[in-house]
Amino acid sequence: MTSVRTALHGLHPPDLRQTFRSLRTYNFRLYASGQALSLIGTWMQRLGQEWLVLELTGSGTWLGLVAAMQFLPLLLIGPWGGLLADRVDKRRLLLITQSVAGLLAALLGIVTLTGVVQLWMIVALALGLGLVTALDNPTRQAFVVEMVGQDDVTNAVTLNSVMINAARAIGPAVAGLMIASVGMAPTFLINAGSYVLVVVALWAMDTGLLAPATRTVRGPGQLREGFRHVARTPALRTPLLLMVVAGMLAYEFTVTLPLLARYAFDGDARTLGILNSALGIGAVVGGLVTAGRREPTDRSLLVGALSFGTLLLVTSAAPTLWMAAAALVVTGALSITFLASANALLQLRAPAELRGRVMSLWAIALMGTTPIGAPIVGWLGQVAGARAGLAVGGIATVLAAVVVQILTWRRNRRSGPLEHPPRHPEPVLAVR
């Protein structure tokens, strides 16, 4: 319990007066307002897609393979997406990626509504969305600091995670009820319409209040430059390696929760909505607490990983639906502490001109590893039981955190405490 309290509260009590400070920035308020409703649509589509695959195949392996196709482009071309983000106007690129994502959601809704949907169509559209995500995700990650500046980046990252998980608490519950009453197609069509809100918010931003990093001029070896910088900087390398393990095996909720709902608790789409909502509610609570802190530390990162992995194991052993939901609330709170710490550490420690490339590696670690982990976790759930996937993710995360701590101790004994790269100065942001 001590580690859980530490992960939730950090080394110092959070200053709740500072919880929403990044919203003082006009452009981030616009961005957050567009994201808030759009993310609900995203989670509705995600649950609808998961249940549609299970309805068509009844296979945990196929559920994992479809998830793998959605994130395969991020694994293969994610670094190029980060390099593109360093070269171009991030806001304009996001206008394009969000518009295309909305069109893909509309196509999935149309083929489902007309009754012609087949598995290969879901795979193809998931792959298309993955191509968009490979460009969109590192761009959105790097765009946050341009909206709010370095002083508020931890707060903004955490509040963005709070919005994602608040949507996770609402979207799946609504989708579960909708699927049970009117079918799956509306979950996709509502998501398609929600992208309009994001596009409008991006279009309405005051570009004079942004603080864009100096764009990288096209030249040889730029992709390798990003890899080399991370490889020789332990302060960046350590969070990324820890996230690779957790991203590959623990953050496979698109596979583990549907299997838990259907086969462990003999439930339907509403059951899956309950589990997703419980995870989202916990993440909102944990995120609001985390948002009150100024900056994360390496200690908060490791304690968050240890606690998150432990609660995954607890969830996997829960004998009833409501006990699993209760465990997922705590799991969600610890998950957001872990994710926000890792993300903000990378944002703060990455040089501005390399931030897109560094955050593309973050996206690969968290989501680009899904093509490897999702089929493994899905296969485990099919042959060893629905709870096995959660248990493996928990064990892997705990072991990775322990290994990182041991290696850090050894390095510190040899060469002294880990030196963090300096925070790189950014242009001063106007606030209105």
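Below are the figures for this structure:
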item	result
Residues being of a type in the set (K, R) and modelled with pLDDT under 85 - total across segment 247-287	0
Per-region count, segment 91-103, residues under 18 Å from L189 (Cα atoms) and touching a residue at least 40 places away in the same chain (Cβ under 8 Å)	6
Conditions (1) out of contact with any Ser or Thr (no Cβ under 8 Å at 6 or more places or on another chain); (2) within 28 Å of E50 (Cα to Cα); (3) assigned to a helix (DSSP H, G or I); number of the one not met by L236	(2)
Unmet requirement for Y251, which otherwise passes all of (1) of a type in the set (F, W, Y); (2) farther than 23 Å from N343 by Cβ; (3) touching a Gly at 6+ places or on another chain (Cβ under 8 Å)	(2)
Candidates G368, G332, G280, G356 - the one that is within 13 Å of the chain's Cα centre (by Cα) and within 19 Å of R140 (Cα to Cα)	G368
Any chance G128 is small (G, A, S) and over 30 Å from T57 (Cα atoms)	no
Cβ pairs under 7 Å, 6+ apart, first in segment 67-90 and among the basic types (K, R), second assigned to a helix (DSSP H, G or I) and buried (at least 20 other Cβ atoms within 10 Å of the Cβ)	K90/T139; K90/A142; K90/F143; K90/E146
Residue list for segment 306-337, restricted to those being in contact with a Leu (Cβ under 7 Å, 6 or more places away or on another chain), of a type in the set (A, V, I, L, M) and more than 17 Å from V157 (Cβ to Cβ)	L311, L312, A324, A325, A327, L328, V330
Within segment 288-325, tally of residues that are at pLDDT below 90 and among the small types (G, A, S)	4
Test: residue in segment 285-299 that is surrounded by 24 or more Cβ atoms within 10 Å (Cβ to Cβ), closer than 21 Å to P172 by Cβ and in contact (Cβ under 8 Å) with a residue 12 or more places away in the chain	yes
Filter result for the condition that a residue is closer than 16 Å to G393 by Cα and buried (at least 24 other Cβ atoms within 10 Å of the Cβ), over L275, L259	L259
Search result, residues across segment 64-73 that are buried (at least 24 other Cβ atoms within 10 Å of the Cβ) and either over 18 Å from I376 (Cα atoms) or of a type outside the set (G, A, S) (or both)	V66, Q70, F71
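Residue by residue, here is whether (1) in a helix (DSSP H, G or I); (2) modelled with pLDDT under 90; (3) in contact with a strand residue (DSSP E or B) (Cβ under 7 Å, 6 or more places away or on another chain); (4) surrounded by fewer than 22 Cβ atoms within 10 Å (Cβ to Cβ) holds:
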| site | (1), (2), (3), (4) |
| --- | --- |
| G41 | yes, no, no, no |
| Q49 | yes, no, no, no |
| V53 | yes, no, no, no |
| L56 | yes, no, no, yes |
| W62 | yes, yes, no, yes |
| L75 | yes, yes, no, yes |
| G81 | yes, yes, no, no |
| L84 | yes, yes, no, yes |
| L95 | yes, no, no, yes |
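Listed here are the residues, each with its yes/no results for (1) in a helix (DSSP H, G or I); (2) at pLDDT 90 or above.
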{"site": "E146", "(1), (2)": "yes, no"}
{"site": "T158", "(1), (2)": "yes, no"}
{"site": "I170", "(1), (2)": "yes, no"}
{"site": "G183", "(1), (2)": "no, no"}
{"site": "P186", "(1), (2)": "yes, yes"}
{"site": "N191", "(1), (2)": "yes, yes"}
{"site": "A213", "(1), (2)": "no, no"}
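The values are calculated or read from the model by the stated rules, or taken from the named source; none is laboratory data. From a predicted model like this one, the values you see are computed outputs, not experimental measurements. Cβ coordinates were reconstructed from backbone atoms using ideal geometry, including for glycine residues, and neighbour counts include every protein chain displayed.
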